[in-house]
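Each remark here refers to the structure printed beneath this line.
The values are calculated or read from the model by the stated rules, or taken from the named source; none is laboratory data. Keep in mind the model is a prediction, meaning the values are calculated, not measured. For neighbour counting, all protein chains shown are included, and Cβ atoms are generated from backbone atoms with ideal geometry for every residue, glycine included. All accessible areas refer to the heavy atoms of the entire protein, side chains included, with ligands and DNA or RNA removed. Shrake-Rupley method; radii C 1.70, N 1.55, O 1.52, S 1.80 Å.
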Amino acid sequence: NLMAAEKARDISAFDNCSNHASKGISMLPSDKWDSHPEMAVKLYSLAAEAERFLGRHSQMDIYCREVLVQKSISILQKKDVYLAKLDRMANAELRYDDAIRLCLTVLKELGCRFPGGRVMGLMKAVVSVHMTVKMVKQTPTEVLDSLPVVTDPSKLAIMSFLTRLVDLTFLGGEKFLYLLLLTTTKVVHMTLLHGLFEMSATSLTDLGSVSLFVMGNIDTAQYIEERALLMQERLKSEAGKAKTFVNSHIFVFHHVKPLQSFSKPFLEGYWSGMRTGDTAMSMWCLYFYVIVIYMTGKPLKVIEEQCQASITQMVELKEEECASCLRMYWQLYLDLMGSSDNTVELSGKAMDEKELVVTPLLHAYFIGVKTIASSLFGRYEMGAHLAIAKETQKYLKITGGDNSRAMFWFHGSLCLYAMARTNKT
């Protein structure tokens, strides 16, 4: 059953993985944690991972708790269970602060620590970004292409939690900016010092996007992203491919490449994420695919239908924040099609803005979509107020940013221009 569950997991047959893992668990003796600890932790970890992918979180919790309370099991052996727990806390429950604290605790036990204090941490983080970018640019191409594959279990575990921490600190908002920068540079350092990990290419795309934010140099960011794509091609594993495609295209390539060329990589990232069980990045690929077909002028009816189908899948996979972001655009499209009595209010078939659970990311997207609606429906005063609000500027006015922010600034600028002309006359 263990071997069958592992094979099922490797081909993303998570229903079969769950069935085989649960059968294996039922066959273990009552003293399994003393007599067969390695087999027990593997079966429970596989079961937890499968249940997370299938969205059956209550059952996943049962498996996780069983492993985490075992004092005889090392933190390294509990890795997969912790990762499943972190994914649920972030993607289903939107508990980013708690997930970040748990991730830092696990990393500390693995011997990986971060400096405390936001001010000092941010200063160190900015310096680290500059130094890491310099290291990457000075590393010859042939050296990057010949890096050995890392096999050390401890280093592999640290990298797994660091890559999770990058995502968590990004979603957690501005207060975790210094941790985002420090974590991003740390994972790149691990690749340059120790060799290739499954997520090495992804870590380079993270560095490319934060380098644009910190240094403002699009040529440097593009160079790093191109190196990341080449590294992804070299990696035999598909793990991380979805995020590599998302990061490179939404944060950097949209400055230098036509949006019409983005549909194919986003769909490729979507299918790659589904094949590897990376449902979070798979759904973000799907999200940005919908945004791109809107930005490139596809018919609203086609886009609206794609929204509905995509959100259904996001909800089934418990990717709640991604679904909430896309619901805003779905409601906007419905309003533009005349399918709703509302215009600038995002309430109707897709969502009710009064019931929106606010996170830093959702708030930014909400302001962005409201500004677009204000511009398209001629509510320029509302759009102008949204464009100049301090909280909007703080989150959206950064060098780089994802491709949807270009829409925000375009429509926000139109609203500001319209109000300036009105006030002048």
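What number of residues within the range 387-419 satisfy the criterion of being modelled with pLDDT under 90, of a type in the set (A, V, I, L, M, F, W, C) and either touching a helix residue (DSSP H, G or I) at 6+ places or on another chain (Cβ under 7 Å) or part of a helix (DSSP H, G or I) (or both)? Within the range 387-419, residues that are modelled with pLDDT under 90, of a type in the set (A, V, I, L, M, F, W, C) and either touching a helix residue (DSSP H, G or I) at 6+ places or on another chain (Cβ under 7 Å) or part of a helix (DSSP H, G or I) (or both) number 8. When Phe170, Phe245 are screened for being buried (at least 16 other Cβ atoms within 10 Å of the Cβ) and under 20 Å from Val126 (Cα atoms), only Phe170 passes.
Per-residue answers, yes or no, for (1) without any contact (Cβ under 8 Å) to a residue 40 or more places away in the chain; (2) out of contact with any helix residue (DSSP H, G or I) (no Cβ under 6 Å at 6 or more places or on another chain); (3) among the basic types (Lys, Arg):
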position	(1), (2), (3)
Gly269	yes, no, no
Arg275	no, yes, yes
Ala280	no, no, no
Cys285	no, no, no
Lys298	yes, yes, yes
Glu305	yes, yes, no
Ala309	yes, yes, no
Met314	yes, no, no
Leu317	no, no, no
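So, in the range 142-163, exactly how many residues are open to solvent by less than 70 Å² (accessible area, probe 1.4 Å) and either assigned to a helix (DSSP H, G or I) or closer than 27 Å to Arg95 by Cβ (or both)?
Of the residues in the range 142-163, the ones open to solvent by less than 70 Å² (accessible area, probe 1.4 Å) are 143-144, 147, 150, 152, 154-163.
Filter once more, so that each one left must be either assigned to a helix (DSSP H, G or I) or closer than 27 Å to Arg95 by Cβ (or both): 143-144, 154-163.
Looking only at that region, the number is 12.
Within the span defined as the range 298-307, one or more residues are open to solvent by less than 10 Å² (accessible area, probe 1.4 Å), closer than 27 Å to Phe53 by Cβ and modelled with pLDDT of 95 or more. Condition (residue is free of Cβ contacts under 8 Å to residues at least 12 places away in the same chain and under 21 Å from Val69 (Cβ atoms)) applied to the range 39-49: is it met by at least one residue? No; the residues of the range 39-49 include none that is free of Cβ contacts under 8 Å to residues at least 12 places away in the same chain and under 21 Å from Val69 (Cβ atoms).
Which one is nearest to Asp98 (Cα to Cα), of the residues in the range 164-206 that are part of a helix (DSSP H, G or I) and of a type in the set (Asp, Glu)? Among those residues, the one meeting the criterion is Asp167.
Results for (1) without any contact (Cβ under 8 Å) to a residue 60 or more places away in the chain; (2) open to solvent by less than 20 Å² (accessible area, probe 1.4 Å); (3) among the hydrophobic types (A, V, I, L, M, F, W, C), shown as yes or no for each residue.
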{"site": "His189", "(1), (2), (3)": "yes, no, no"}
{"site": "Leu192", "(1), (2), (3)": "yes, no, yes"}
{"site": "Gly195", "(1), (2), (3)": "yes, yes, no"}
{"site": "Val210", "(1), (2), (3)": "no, yes, yes"}
{"site": "Ile218", "(1), (2), (3)": "yes, no, yes"}
{"site": "Lys241", "(1), (2), (3)": "yes, no, no"}
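Conditions tested, residue by residue: (1) buried (at least 16 other Cβ atoms within 10 Å of the Cβ); (2) in contact with an Asp or Glu (Cβ under 6 Å, 6 or more places away or on another chain); (3) aliphatic (A, V, I, L, M).
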site: Glu319; (1), (2), (3): yes, no, no
site: Ala323; (1), (2), (3): yes, no, yes
site: Tyr329; (1), (2), (3): yes, no, no
site: Tyr333; (1), (2), (3): yes, yes, no
site: Leu336; (1), (2), (3): yes, no, yes
site: Asp341; (1), (2), (3): no, no, no
site: Lys349; (1), (2), (3): no, no, no
site: Asp352; (1), (2), (3): no, no, no
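Sub-8 Å Cβ pairs linking a first residue in the range 332-348 that is over 11 Å from Leu300 (Cα atoms) to a second residue that is modelled with pLDDT under 90 and open to solvent by less than 50 Å² (accessible area, probe 1.4 Å), at least 6 apart or interchain, are Ser347/Ser340; Gly348/Ser340; Gly348/Asn342, ordered by first then second residue.
Contact map, the range 402-419: residues that are free of Cβ contacts under 8 Å to residues at least 40 places away in the same chain paired with residues that are open to solvent by 40 Å² or more (accessible area, probe 1.4 Å) and in a helix (DSSP H, G or I), Cβ distance under 7 Å, separation 6+ or inter-chain. Pairs shown: Ala418/Tyr380; Met419/Tyr380; Met419/Glu381. Of Ala350, Ala364, Ala373, all but one fail to be among the hydrophobic types (A, V, I, L, M, F, W, C) and assigned to a loop (DSSP other than H, G, I, E, B); the exception is Ala350. A single member of Tyr270, Tyr333 is closer than 20 Å to Val369 by Cα and among the aromatic types (Phe, Trp, Tyr), and it is Tyr333.
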